[in-house]
1. In 10 Å bins starting at 0, how do the alpha-carbon pair distances of the range 79-121 split up by percent?
2. If R0 is 22 Å, what FRET efficiency do you get for CYS62 and ARG28 from their C-beta distance, rounded to 0.05?
3. Indicate the gyration tensor shape class of the range 45-111 (rounded, prolate or oblate), computed on the Cα atoms with a ≥ b ≥ c the square roots of the eigenvalues: a/c under 1.5 is rounded; otherwise a/b larger than b/c is prolate and the rest oblate.
4. Taking Cα centroids, how far is the range 197-223 from the range 150-167 in Å?
5. Sort 188-201, 98-111 by packing, meaning the average of other beta carbons within 10 Å per residue, with the highest value first.
6. Using every pair of alpha-carbon atoms in the range 34-74, split the distances into 10 Å bins beginning at 0 and state the percent of pairs per bin, rounded to integers.
7. Roughly how far apart, in whole Å, are the Cα centres of the range 92-109 and the range 55-76?
Amino acid sequence: MTAHETNEDGGGSRAARTHLSAAGLRARGWTAGMVRQLLGEPDLLRVNPYAGSSSPPTRLYCVERVEATERSDAFRAVAAAAARRSAAARAAARRRRREVLARITAEPIDVPRLPPQQLAALAVEHRNRRDKERTHERRDPKPQPPSPPATVESADPLALDRWKVDYLRHRLTRYDELLNGLYGSTGRAAAEELLRRRLYAAIGEAYPLLAEECERRLAAVRR
């Protein structure tokens, strides 16, 4: 390895480093905007041996130039502004999460009340339709003969309960729109869990005979 190839990602000793990659700069607190504004073009371009030939070269920046820039007033001003923007973005994300959780908590869940026979028939129809869709999605090169469609009469009672809950959950997918605007994985996961809890609790309340299946799903959410 030559001297200029030793950088933040190269595994060499810190004393031997002469250039930093974009990843190395990020580790020191640089953003892409700061690099463009304060460093401009890289000092060295190097082919990445772990990427394909069509991949862009690795951009490397001279350590001495980076360190000199970091000691400047311009760097301190730009870094402070970037930190403020980052803090504002995090605060805005937390505010959106709180707002969405509050909406999910307050939103009334309107579960359709259907006669038992109608619910069973719609649940089986929904199940058969989903089975057919999954068969088309698999695109098996050696497709097997399709299974006969399920019927209310042939369905196992426990399986029928699962299908009923599946159908009712499908009818309630409009509530998923409450999650719009949540992009952070942590915030979205908490909101999705709260929404699932409320939906299954509402289904169990509307259909007491499905309460056990709903509780089973709620227990899975808790895990």
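1. Calculated P(r), rounded to whole percents: 23, 21, 18, 17, 11, 8, 2.
2. On the way: r = 14 Å, r/R0 = 0.62.
So the FRET efficiency works out to roughly 0.95.
3. Oblate, because a/c is 1.5 or more while a/b does not exceed b/c.
4. If we compute the Cα centre of each part, the gap is 16 Å.
5. Order by mean packing, descending: 188-201, 98-111.
6. 26, 42, 24, 8
7. Here the answer is 42 Å between Cα centres.
Every read-out reported here was derived from the displayed coordinates using simple, explicitly stated rules and does not represent laboratory data. Not measured: the values here are computed from a predicted model. When we count neighbours, we look across all protein chains shown, and the Cβ atoms used for this are built from the backbone with ideal geometry, even at glycine.
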